[in-house]
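Participant: Provided herewith is a single structure, encoded as structure tokens, for subsequent inquiry.
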Amino acid sequence: MILKYSLLKFLKTGAVPLLLTTVALRQIILVHTAGLSPWHGGGFGMFASIDRDERRVVTTQLIDCSQTSSFLLTKVMADYPGLLSQDTYTHISTFPTEAGLHRMGKKLLSLESQSLIAELYATNREKGCDSKLKLQPWRLVYDGESIAYKPITAPVEVQP
Amino acid sequence: MKLVNQWNAWLSHLMQPPIYILVLRLTTILLLLHGVDHWRWTMLPEKLLALAMLLYSPLVRQPWAWLAMGLCLVVNNLWHWSSLVNHEYLYTYWVLVCAIAVWSRTPKQVLRWNARWLIGLCFLFATLWKFLGGEYLDGSFLHLTFLLDSRLAMGAVLFGGLDLSTLAENRQIFETMQASAAVLDPQQLASTPRMAVVSLVLSYWTILIEGLVAASFLLTELRWLHNKRDWLLLGFVITTYTVIPVLGFAALLMVMGLIQVKSNFIARIYLGLLILMPIWMPLPQGIFWLLQKIFFGS
């Protein structure tokens with residue numbers, strides 16, 4: 001009876017505030033350890049940081065034996081909408097985990113994608129050069145005069 | 001005068017007890033309207049349920065309806081957790097509170113208690129973030145936001161002495177930098193010393209008002225401050241959302257404010273501001289847009 005009463009009281013007074021606190025603390029931890037944008041994740045960090053996901057960039061480079069080719073993911077999205085959706089890109093730039101970047105890199109390199117990146121990779125391979133895709137997320141910073149980009153995590157190298 | 005009397009009579013009619021029913025109905029309206037500007041198909045069940053609750057009013061008192069609504073929102077939150085913004089989480093928490101309230105024998109008390117805590121906690125974390133990020137303490141967040149965010153163009157022109165063409169050039173510089181992924185080439189933005197000072201002052205004002213709202217809602221022991229909590233919240237809503245209109249967040253804060261307030265006079269202010277929100281919130285931006293058209297033709 002006492003247990004039931006306590007449980008009901010907790011449900012009515014403490015459960016939802018505790019849920020808010022737990023989600024917010026989780027968000028703070030993820031922002032500081034896994035590169036989550038402070039604007040998302042339920043931690044009430046909107047309008048507190050320049051680092052909003054819309055202002056982030058994920059650089060994509062194909063490194064082969066002799067040169068490095070850069071690709072714009074926004075262009076890849078526009079040219080191959082079936083390969084990389086806006087939702088996937090938004091999720092990756094908001095929460096750029098190593099696993100997520102790896103998955104996206106594999107997708108970009110898969111031959112079925114028929115993207116420019118995959119084509120260049122296949123051409124290099126035919127020439128006997130095993131190239132790799134390097135993905136890196138960047139955030140915007142401002143020092144009062146200039147805007148610049150700063151890496152969020154170390155680059156992730158992907159091979160099919 | 002007649003109009004004011006009619007308005008007051010209408011508010012009195014809306015606020016007839018039990019007030020918690022009004023709060024549940026208002027929540028249902030907000031649930032139907034919020035997020036329509038960034039529609040996702042996963043929102044369809046919650047919108048249909050909200051519509052049903054509005055059209056068939058006894059549903060608003062049904063615990064199962066609120067439980068189903070809570071479930072819809074929780075699923076949506078879990079699915080899109082990384083792309084949702086603050087107030088979308090707050091909507092989910094509030095619907096869960098509504099579900100618990102209609103199950104309980106004391107719905108008003110449950111709503112009132114949780115509203116106070118949710119407002120207090122959300123402002124506490126918002127204040128905490130201002131310190132964690134560090135970009136508030138040196139004013140750089142607001143400074144850059146004034147320079148790049150078109151919603152703050154009014155503030156940049158009026159307070160910072162910048163002109164619209166400079167702001168457009170700044171935005172162009174950033175957009176080009178981002179679109180070309182030129183991450184290794186810093187770019188200088190045009191600003192004024194006044195803009196930097198104003199940004200710093202407004203940053204500390206924001207920290208102060210958000211911190212005070214958090215403290216006044218959470219610390220009941222500080223009687224004097226706690227008694228002023230509604231004025232602080234109203235002050236925050238009016239000063240912040242007329243500059244950056246975030247209708248969904250402001251509306252939910254008004255609904256939660258309405259149920260936790262004890263004074264009938266302040267309750268009427270909450271309700272009045274909520275009803276008139278589509279008019280007063282975009283008004284300053286609208287006037288600024290009109291002045292731009294008249295004087296600058298842009």
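Only the coordinates and a few stated rules stand behind these numbers; no lab work does. All values derive from a computational prediction rather than experimental measurement. A quick note on method: Cβ atoms are made from the backbone with ideal geometry, for glycine too, and the neighbour counts reach across all protein chains shown.
Participant: Just from the alpha-carbon atoms, what are the Rg and Dmax of the protein assembly as shown in angstroms?
Facilitator: Looking at the protein assembly as shown, its Cα Rg and Dmax stand at 24.7, 87 Å.
Participant: When ranked by the protection proxy of mean other Cβ atoms within 10 Å per residue, highest first, what sequence do the peptides A:7-13, A:19-25, A:125-131 form?
Facilitator: On the way: A:7-13: 14.0, A:19-25: 17.6, A:125-131: 12.4.
Descending packing order for the listed peptides: A:19-25, A:7-13, A:125-131.
Participant: Order by neighbour count: B:HIS80, A:HIS32, fewest other Cβ atoms within 10 Å first, most last.
Facilitator: Result, fewest neighbours first: A:HIS32, B:HIS80.
Participant: In what order do B:ASP230, A:ASP87 fall by count of nearby beta-carbon atoms within 10 Å, going from fewest to most?
Facilitator: Listing B:ASP230, A:ASP87 from fewest to most nearby Cβ atoms yields A:ASP87, B:ASP230.
Participant: Based on the alpha carbons, how large is the Rg to Rh ratio for the stretch A:53-158 when Rh follows Kirkwood?
Facilitator: Numbers: Rg = 14.3 Å, Rh = 14.4 Å.
On the Cα set of the stretch A:53-158, Rg over Rh gives 1.00.
Participant: By count of other Cβ within 10 Å, fewest leading, how are B:MET1, B:MET277 ordered?
Facilitator: B:MET1, B:MET277
Participant: Also: Just name one of B:ALA99, B:PRO17, B:TRP129: the one whose Cα is farthest towards the positive end of the charge dipole of the stretch B:1-151 (beta-carbon charges, Lys/Arg +1, Asp/Glu -1).
Facilitator: B:PRO17
Participant: Per residue of A:141-152, count partner chain C-beta atoms within 10 Å of its C-beta, then hand back the mean as an integer.
Facilitator: Whole-number average of other-chain Cβ neighbours for A:141-152 is 6.
Participant: Roughly how many debye, to the nearest 20, is the charge dipole of the protein assembly as shown about its Cα centre, given +1 on each Lys and Arg Cβ, -1 on each Asp and Glu Cβ, and no other charges?
Facilitator: Roughly 2080 debye, rounded to the nearest 20.
Participant: Where Lys and Arg each count +1 and Asp and Glu each count -1, what net charge lies around B:ALA215 among other residues with Cβ under 15 Å from its Cβ?
Facilitator: Net local charge, B:ALA215 excluded: +2.
Participant: Something else about it: Taking 7 Å along the Cα-to-C-beta vector as the label spot, tell me the A:LEU18-B:GLU175 distance in nanometres, rounded to one decimal.
Facilitator: Using points 7 Å along Cα→Cβ, the separation is 4.9 nm.
Participant: Please compute the average number of Cβ atoms from other chains found within 10 Å of each residue's Cβ in peptide A:87-93.
Facilitator: Mean shielding count: 2.
Participant: Okay, moving on. How high is the relative contact order of chain A, in percent, counting Cα pairs under 8 Å that sit 6 or more residues apart?
Facilitator: Once divided by the residue count of chain A, the mean separation gives 22 percent.
Participant: Unpartnered cysteines of the protein assembly as shown (Cβ-Cβ under 4.7 Å counts as a partner)?
Facilitator: Among the cysteines of the protein assembly as shown, those whose Cβ sits 4.7 Å or more from every other are B:CYS72, B:CYS98, B:CYS122.
Participant: In whole percent, what relative contact order does chain B give with Cα contacts below 8 Å and a gap of six or more residues?
Facilitator: 18
Participant: Here's another thing I want to ask about it. Calculate the length of the line joining the C-alpha centroid of the stretch A:82-98 to that of the stretch B:25-98, in whole Å.
Facilitator: 26
Participant: With +1 assigned to the C-beta of every Lys and Arg and -1 to the C-beta of every Asp and Glu, and no other charges, what is the dipole magnitude of the stretch A:53-158 about the Cα centre in debye, to the nearest 20?
Facilitator: 120
Participant: GNM on chain B, C-alpha springs below 10 Å: top fluctuator among B:ALA65, B:ALA168, B:ALA50?
Facilitator: B:ALA168
Participant: Calculate one ³J(HN,Hα) per residue across the stretch B:87-102 by plugging θ = phi - 60° into the Karplus curve 6.51 cos²θ - 1.76 cosθ + 1.60, and present them in order as whole Hz with x for glycine and proline.
Facilitator: 6, 5, 5, 5, 4, 5, 4, 5, 5, 5, 5, 4, 4, 5, 4, 6
Participant: Here's something else I'd like to know. Quick one: compute the contact order of the stretch A:1-48, relative version, from alpha carbon pairs under 8 angstrom and 6+ residues apart, as a percent.
Facilitator: 26
Participant: Once you have a ≥ b ≥ c as the square roots of the Cα gyration tensor eigenvalues for the stretch B:76-137, tell me rounded if a/c is under 1.5, and otherwise prolate or oblate according to whether a/b is larger than b/c.
Facilitator: oblate
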